[in-house]
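The values are calculated or read from the model by the stated rules, or taken from the named source; none is laboratory data. Remember, predicted model here, so these are calculated numbers, not experimental data. Glycine gets a Cβ as well: all are built from the backbone with ideal geometry, and neighbour counts include every protein chain shown. Side chains included, ligands, DNA and RNA excluded: accessible areas come from the protein's heavy atoms. Shrake-Rupley method; radii C 1.70, N 1.55, O 1.52, S 1.80 Å.
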Amino acid sequence: MNKMNKMLATTSILAMAIIPLTAYAQNVPPSTIHNGQGIIQNQAKIVPATMGLITNFVNDKSGKFITVLGRGLAVTDQSEIILSITKDTKIIDSKGKKVALKTIIDEKKVVKAFYGGNITRSLPAQGTALTLVVQDQSFLGINGIVSEVKEDSIVVKGTDIYSSNEETVILRFANKAQILDQNGIVIEASVIQPGMSVKAFYGPAATMSIPPQSTSNYILVNTIMEEDAQEDEIGTNGIITNATDNRFTVIGNPMKKGGSDYVILSVDENTQIVDEDGNLLTEAALKSDVRVDAYYNGVMTMSYPGQTHADKIVVKAMDTYKVEGTIIASDAATEGQVYVDINSDKSTANDIILNISDDTKVISMSLNGADLREGMKITAYHSPIMTRSLPGITNAEIVIVNADDNAAALQ
């Protein structure tokens, strides 16, 4: 666990007000009932719970803490939560037999984590674990966009919830799959359309095909399509390449309605900062190399790059892959490619070749143009997919020309 998460886990939880709990660990919620209009519970005390994998574990002088990432059993429950493990926390399997916490973590077992209703308002929320119920099967998860709808399945492109790797997966609907809209209302699979965002859990088995195929038992669908919701806004879909105080440089592609491929945005208390699920974030989430959708009005300075105020920034979970180096001449690079001496260290062991296409965004720090030439020092963001050859070959997404002193035109 990184230092920041550890600090959150060990200080925020200790700072919570201790209030007598009205629900006990053994009061596990009964099965959820779908009535076609929403989710209800049988008449019983409702204990909030999160079902997922334990992604972080801390055991120090302040106590034991786990982070559970997955989905809430009810729509109002947390999808991610930090929980304090106390002497009163019961850790059992589905038959009530005690299970060691270390076993759950080492074997990456899925748990249903029940906790008290007194949780912090932080992100992620923090509380005290009442009961951890180990599940018999594991699963995978994806946050993404539906790219294709078939008769009994959907194709989803997005990021793995647990690894943050870019993924494409074909999800078949299980016979009793839970399919809910953003309000927790049960919907039919036929409602799902290309362009809708989904959060889906599937597996544990997946085929070895490309893309892999699996069965999903739970799909949360945002039936308000993102393009429609923000069709009248202009902005930039790109990567934060520099973050200084409250000013952020974003390079990428303009939105369909308009925008800039290279812009400096100022952020203040009037800027809405959220993740892809709409959860509010702080300015601390805006860091270099983070992918974002940045929205702003049309008023912009005449400088290069243009500068304006950010109205809304959506922080994405997708990873970025970046290299820095110097473009050098090499017979290994053919037309439409550049050979990069990584770190400008004149060693060939770590060099790569970048494919430069019409989709590659090439930005110069000066006004001298952006034609890539031998001798240029560049920063490049590229695809996670790279050949196993030496040097590796990958597709360039963004190439930033930092300096081109004595650069010669590439032939």
Exercise. Do any chymotrypsin sites (Phe, Trp or Tyr not before Pro) in the stretch 137-231 lie in a DSSP loop with no more than 12 other beta carbon atoms within 10 Å, and if so, which?
Worked result: none
For this session: Keeping every protein chain in place, order LEU130, LEU390 by accessible area at 1.4 Å, biggest value first, i.e. largest first.
Result: LEU390, LEU130
For this session: Any chance you could tell me what percent of the C-alpha pair distances in the stretch 236-323 go past 24 Å?
Result: 10 percent
Problem set entry | the stretch 88-145, accessible area per residue, ligands and nucleic acids excluded (1.4 Å, Å²) | 53 Å²
For this session: Take peptides 109-115, 320-326, 267-273, 338-344 and line them up by average Cβ neighbours within 10 Å, highest first, as a rough protection proxy.
Result: 109-115, 338-344, 320-326, 267-273
Problem set entry | Where ARG247, ARG388 fall by accessible area, highest first, once all protein chains stay in place (1.4 Å) | ARG388, ARG247
For this session: Might you tell me the accessible area per residue for the stretch 217-360, computed with a 1.4 Å probe and given in Å²?
Result: 52 Å²
For this session: Grab the alpha carbons of the stretch 258-411, take their convex hull, and tell me the volume per residue in Å³.
Result: 134 Å³
For this session: Kindly sort ASP261, ASP106 by accessible area of their heavy atoms, largest first, with the probe set to 1.4 Å.
Result: ASP106, ASP261
Problem set entry | SER190 paired with ASN350, simple spin-label distance in nm, labels 7 Å along Cα-to-beta-carbon | 5.7 nm
For this session: Straight distance only, please: which aspartates and glutamates reach the Cα of LYS112 with their own Cα at less than 18 Å, same-chain residues fewer than 8 apart left out?
Result: ASP77, GLU80, ASP88, ASP93, ASP136
Exercise. Given the pairs LYS98/LYS157; LYS157/LYS287; LYS256/LYS346, which are separated by over 30 angstrom at their Cα positions?
Worked result: LYS98/LYS157; LYS256/LYS346
Problem set entry | Straight-distance crosslink candidates among aspartates and glutamates, where the alpha carbon sits under 17 Å from LYS150 and sequence neighbours closer than 8 are dropped | GLU188
For this session: Kindly give the semi-axes, whole Å and largest first, of the ellipsoid equivalent to the stretch 88-150, taking each as the square root of 5 times a Cα gyration tensor eigenvalue.
Result: 26, 20, 10
Seminar exercise, completed: extent check for the stretch 144-298: Cα max minus min per principal axis, descending, whole Å, gives 50, 30, 25
Problem set entry | For the stretch 164-213, the spread of Cα positions along each principal axis, largest first, Å | 33, 24, 19
Problem set entry | Cα-Cα P(r), the stretch 280-342, percent of pairs per 10 Å interval | 15, 29, 27, 23, 6
For this session: With a 10 Å radius around each residue's Cβ, average the other Cβ atoms per peptide and rank 77-84, 327-334, highest first.
Result: 77-84, 327-334
